[in-house]
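One structure is given below, encoded as structure tokens.
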Amino acid sequence: MQAGWEGIARDLLEGTGCDDPSVDAFELAACCDLEVRAKSGPASIVGDVIRVDMRTRRTRQHGQVAHELGHWALARAGCDDSEEGAIYVASALLLPRAHFNASLRATWDIPELMRRHPNAGAGTIARRICAMRGTIASVWDHHRAPLLLGRRRHHAPESWEAGLVTIVRETGRAYADETARAWLLPERPWRRVVVVREAA
Ligand SMILES: [Zn+2]
């Protein structure tokens, strides 16, 4: 399934020539003759019009446009349309495999990866690391259950992960050992922490 989604994203990037390392989802939509308009509330695609909330932070807008492009690309390729598929294609569009592979050979540091790929948010980057390196990840915002990423989608966060998140928030410093890394991210106002770890 993932190989098919990967191919759909690659074909779209190559077909439009919009495969510059920092893929711009708005440009990509324009290359596909899709119009992007502002709306409030959840993003959508109807016909050839994508609607997204333009008041959110820029990486989120790129993520939402890429997600709707994902639905569009799945349908165009004659694939089953699914949330999982659109989410996968969106991250593969914003972080093209070859370029992101080269980045990951240099660093797994999420803030540094965000500088290299400025249109991708931390969650999209963590998701892509999981897809390409077989890790699992969790995204922690205040007052919400963590969002779990990676192949073992129904894994529960380990109790030590919550402790690690507290330490990273208190010290403001990234954490790394042999099996887990964690970063505090400047995605206000959440004091978001992302943990990437080996799948046990
Ligand atoms: Zn969707």
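No lab work stands behind these numbers, since they all come straight from the coordinates. Bear in mind the structure is a predicted one, so any value in this text is a computation, not a measurement. Cβ placement follows ideal geometry from the backbone for every residue including glycine, while neighbour counts extend to all protein chains displayed.
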Problem - From the options Gly4, Gly63, Gly85, Gly70, residue that is part of a helix (DSSP H, G or I) and more than 16 Å from the ligand (Cβ to nearest atom) - result: Gly4
Exercise for the section: Please find, among Ala38, Ala43, Ala29, Ala102, the residue that is free of Cβ contacts under 8 Å to residues at least 60 places away in the same chain, in contact with a helix residue (DSSP H, G or I) (Cβ under 7 Å, 6 or more places away or on another chain) and within 26 Å of Pro186 (Cα to Cα). Expected result: Ala43
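Residues are listed down the side, and each one gets a yes or a no for (1) exposed (fewer than 13 other Cβ atoms within 10 Å of the Cβ); (2) out of contact with any Pro (no Cβ under 7 Å at 6 or more places or on another chain); (3) polar (S, T, N, Q):
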position	(1), (2), (3)
Gly121	no, yes, no
Val139	no, no, no
Leu147	no, yes, no
Glu170	yes, yes, no
Handout entry: Residue ID - farthest from Asp11 (Cα to Cα), chosen from residues in segment 34-60 that are within 11 Å of the ligand (Cβ to nearest atom) and surrounded by fewer than 21 Cβ atoms within 10 Å (Cβ to Cβ)
Key = Pro42
Practice task
Could you tell me whether Asp19 is in contact with a Pro (Cβ under 7 Å, 6 or more places away or on another chain), part of a loop (DSSP other than H, G, I, E, B), more than 12 Å from the ligand (Cβ to nearest atom) and among the charged types (D, E, K, R)?
Solution key: yes
